[in-house]
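All remarks here apply to the structure that follows.
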Amino acid sequence: MNRHFKIRLLILFVCAVALAAAYRNSRTETAMVEAANRFIQSLSPEQKTLTVFDFSAKDRLNWHYFPEGGYEEEYGYGRRGISYKLMDAKQQRLAGALLSAGLSQMGFAKAMTVMSLEEILRIIEKDTTGYRDIQKYYFSIFGQPSPTGTWGWRLEGHHLSLHFTIKSGELVSSSPTFFGANPHTVREGPHEGLRTLAREEDLARALVKALDAKQRREAILYDVAYEDILTLADQRAKLESEPPGLPVSKMNRKQVEMLTALVEEYGGNMPPDVAARRLKAFQDTPRERIFFAWAGSIEPGKGDYYRVQAPTFLIEYDNTQNGNNHSHSVWRDFNGDFGLDVLALHHRRYDHGLTRIHAAD
């Protein structure tokens, strides 16, 4: 990774955190509104057409974690928004502040590291076509950000897809939340040994190894891992005809603590108030209704998959591609991705012109 690139990443990280911290109050929503409006105000009219869309736009529900254009033929849509490439330095810092408003410091650092892997890939693959480009991460804003309004925003690019929906000034959805890493472990060069999703891997592996033989027979579904996360980039997270795995009610206290730490790692990518809501969803669910499932080897580097499944949320992780060195992780809300169910219920009670979103639901 060249010196100029590392300096640009460091400046973007420091400035974004500083800008977000400067006007973050106790509420994530306040920080998001202020950061989004400052970002919008910095854009030219032409840039705004690339960035700001109606809240009812169908594209709000489209997402993917493949590289640029790698999914259009299958899904029928491309990636919209304004990329870092089309921003000047000030706009990049303001976009980074918006990203920082939607994540914890840990989550922000993780997102920046995911983006930096594109440069590592570019060097590894000797890409000269522009296919691997750290600046191909796109911001989209849906609706008009305001303290009492209904609006949303997204950041998306290769291995990073973050979605936030605010209704009447309240953050009602922060999912899907996707982080991926290719390479999962950097095996050469000055960043050899870097693992962006290290704790997502290590915490789950420690848990499955802590299970006794009887527990493993229930938790380990298959000897070979799935090729990818099962819910892919579908608008609705669905798991059909899949064995559930081991219920948490059959775990001992130490194992439950290990699973809790894993859930906290995924929730901890979000600001503290959002992370607390995610953890509460886990803690409030009866243990017999939460399942831990594993597929593949329990040894590192041999291909593995796991999920944590509750009635309201799903965590998936997979590391099988590129010689088991290419990982995907996601948090999904079964009834809350993109705020669809909350918005549909609200629409049934009050007509605010959201018919298109209700129809999509």
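The values are calculated or read from the model by the stated rules, or taken from the named source; none is laboratory data. All values derive from a computational prediction rather than experimental measurement. Cβ sites come from the backbone with ideal geometry, for glycine too, and all protein chains shown count toward neighbours. Ligands, DNA and RNA are stripped out before the accessible areas are found, and what is left, the full protein with its side chains, is counted by its heavy atoms. Shrake-Rupley method; radii C 1.70, N 1.55, O 1.52, S 1.80 Å.
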Looking at (1) basic (K, R); (2) open to solvent by 40 Å² or more (accessible area, probe 1.4 Å); (3) not in a loop (DSSP other than H, G, I, E, B), which one does R205 not meet, given that it meets all the others?
(2)
Just one of the numbered conditions (1) touching a residue at least 12 places away in the same chain (Cβ under 8 Å); (2) under 19 Å from H184 (Cβ atoms) is not true of E125; which one?
(1)
D212 meets each of (1) open to solvent by 20 Å² or more (accessible area, probe 1.4 Å); (2) closer than 27 Å to L61 by Cα; (3) of a type in the set (D, E); (4) out of contact with any Ser or Thr (no Cβ under 9 Å at 6 or more places or on another chain) with one exception, condition (2)
Output the residues belonging to the stretch 253-287 that are among the polar types (S, T, N, Q) and touching a Gly at 6+ places or on another chain (Cβ under 9 Å).
N269
Evaluate the stretch 233-249: report whether one residue or more is among the acidic types (D, E), in a helix (DSSP H, G or I) and open to solvent by 30 Å² or more (accessible area, probe 1.4 Å).
no
Do the conditions hold for A225, that is, is it open to solvent by less than 60 Å² (accessible area, probe 1.4 Å), in contact with a Phe, Trp or Tyr (Cβ under 8 Å, 6 or more places away or on another chain), assigned to a loop (DSSP other than H, G, I, E, B) and more than 12 Å from Y306 (Cα to Cα)?
no
The listed residue being open to solvent by less than 50 Å² (accessible area, probe 1.4 Å), more than 23 Å from L207 (Cα to Cα) and either in contact with a strand residue (DSSP E or B) (Cβ under 6 Å, 6 or more places away or on another chain) or modelled with pLDDT of 95 or more (or both), out of G268, G339, G301, G296
G339
Condition first: within 22 Å of K110 (Cβ to Cβ), of a type in the set (D, E) and touching a residue at least 40 places away in the same chain (Cβ under 8 Å). Now tell me which residues in the stretch 243-293 satisfy that.
E265, D273
If you check F108 against the conditions, is it within 17 Å of E34 (Cα to Cα) and either in contact with a Leu (Cβ under 9 Å, 6 or more places away or on another chain) or modelled with pLDDT of 95 or more (or both)?
no
